[in-house]
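Below is one structure, written out as structure tokens; comments come after it.
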Amino acid sequence: MKKVTIAAILMMFFTMNTVGLASATPSSVKRAKFEKTGHVFWDLPVEEKLVAFTFDDGPDPTFTPQILDALKKYDAKATFFIIGEEAERYPEIVKRQAAEGHEIGNHTYRHRFRDGYSPVLLKKELDKNAEVIKELTGIKPSLFRPIAGYYDKEIVDTAIEGGYNVILWSWHQETRDWSRPGAAKITQNVISDTRPGDVIIFHDAGGDRSQTVKAVEDILAILYKNGYQCTTVSDLLYRSNSLLPAPLR
């Protein structure tokens, strides 16, 4: 089988038709319910050609710096949803992320999925990670991404009460890079249906992310050639007029 080239993917960018999401499905109904809170977001439509790259589960000593190098090459900004335990292991990476203008979001302290079922434990996880992030960057995080993208009323309410906006990702921008399908496939998943305001999910830790690193480099080259830029989630929130006043803590 011939390798998929960047040129072929670039051609696909021009020729693919936009695929609309199905309406009135149980998932979309559930999504609409949470969107009404004004603090839960999947994508953030804007007029400008802007998208948000987001990275989960880091920092990682091998792959996060490589991703930062790729972002720096294109003067791209991203949002990193970090795990507190990993941040404590690799504080200099988190400091570099902040120094280079990237945004740091809360992805819990230990990344233990079932903690989300207990509001008390989730609050402790968020608070402890927020302390780590504040100590390393000087800024308290305002964005939270639930583990594995799982959310329910208790998780959302706990996050909102803690002053967070809950950030998921655009349904058509699930890169599935965690499955390691190949850099070309990850790239295709993103650029075949890119829209202004997309929130794109990648993973910079949790295993061998060399495919993600290569895909990020290729995606940036293609998107920037077509007039797109990468910004932070908070910048998209601001530009899309989606921000509401933070709830009282």
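The values are calculated or read from the model by the stated rules, or taken from the named source; none is laboratory data. All figures in this text were calculated on a predicted structure; none of them were measured in a lab. Cβ placement follows ideal geometry from the backbone for every residue including glycine, while neighbour counts extend to all protein chains displayed. We work out accessible area using only protein heavy atoms, side chains counted, and drop any ligands, DNA or RNA first. Shrake-Rupley method; radii C 1.70, N 1.55, O 1.52, S 1.80 Å.
Values for this structure:
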item: E135 being touching a residue at least 24 places away in the same chain (Cβ under 8 Å) and open to solvent by 10 Å² or more (accessible area, probe 1.4 Å); result: no
item: Any chance F53 is modelled with pLDDT of 95 or more, within 21 Å of E154 (Cβ to Cβ) and either open to solvent by less than 20 Å² (accessible area, probe 1.4 Å) or among the β-branched types (V, I, T) (or both); result: no
item: Answer from R176, R195, R145, R180 - the residue that is surrounded by 19 or more Cβ atoms within 10 Å (Cβ to Cβ) and of a type in the set (K, R); result: R145
item: Members of the range 24-44 that are at pLDDT below 90 and open to solvent by 100 Å² or more (accessible area, probe 1.4 Å); result: P26
item: Flag for K140 being assigned to a helix (DSSP H, G or I) and modelled with pLDDT of 95 or more; result: no
item: Residue in the range 126-135 that is assigned to a loop (DSSP other than H, G, I, E, B) and on the phi < 0 side of the Ramachandran plot present; result: no
item: Breaking point among (1) open to solvent by 10 Å² or more (accessible area, probe 1.4 Å); (2) touching a Ser or Thr at 6+ places or on another chain (Cβ under 6 Å); (3) not polar (S, T, N, Q), for V233; result: (1)
item: Residue list for the range 150-163, restricted to those being without any contact (Cβ under 8 Å) to a residue 40 or more places away in the chain and either under 17 Å from the mean Cα position of the chain (by Cα) or assigned to a helix (DSSP H, G or I) (or both); result: Y150, K153, E154, I155, D157, T158
item: Tally of residues being more than 15 Å from I147 (Cα to Cα), of a type in the set (D, E) and open to solvent by less than 10 Å² (accessible area, probe 1.4 Å) across the range 56-84; result: 0
item: Residue list for the range 34-72, filter: in contact (Cβ under 8 Å) with a residue 40 or more places away in the chain and of a type in the set (D, E); result: D43, E47, E48, D56, D57, D60
item: Near pairs, Cβ below 6 angstrom, 6+ apart or cross-chain, from the range 185-207 (in a strand (DSSP E or B)) to any residue that is open to solvent by 20 Å² or more (accessible area, probe 1.4 Å); result: V199/D43; V199/W169; I201/W169; H203/D57; H203/W178
item: Within the range 85-104, considering residues that are open to solvent by 50 Å² or more (accessible area, probe 1.4 Å) and not aromatic (F, W, Y), the one nearest to K128 (Cα to Cα); result: E85
item: Boolean, S170 is of a type outside the set (D, E), closer than 27 Å to L71 by Cβ, open to solvent by 10 Å² or more (accessible area, probe 1.4 Å) and in contact (Cβ under 8 Å) with a residue 40 or more places away in the chain; result: no
item: Yes/no for T79 being in a strand (DSSP E or B) and under 19 Å from the mean Cα position of the chain (by Cα); result: yes
item: Candidate set from the range 85-125 (those that are assigned to a helix (DSSP H, G or I) and β-branched (V, I, T)); member that is nearest to Y150 (Cα to Cα); result: V120
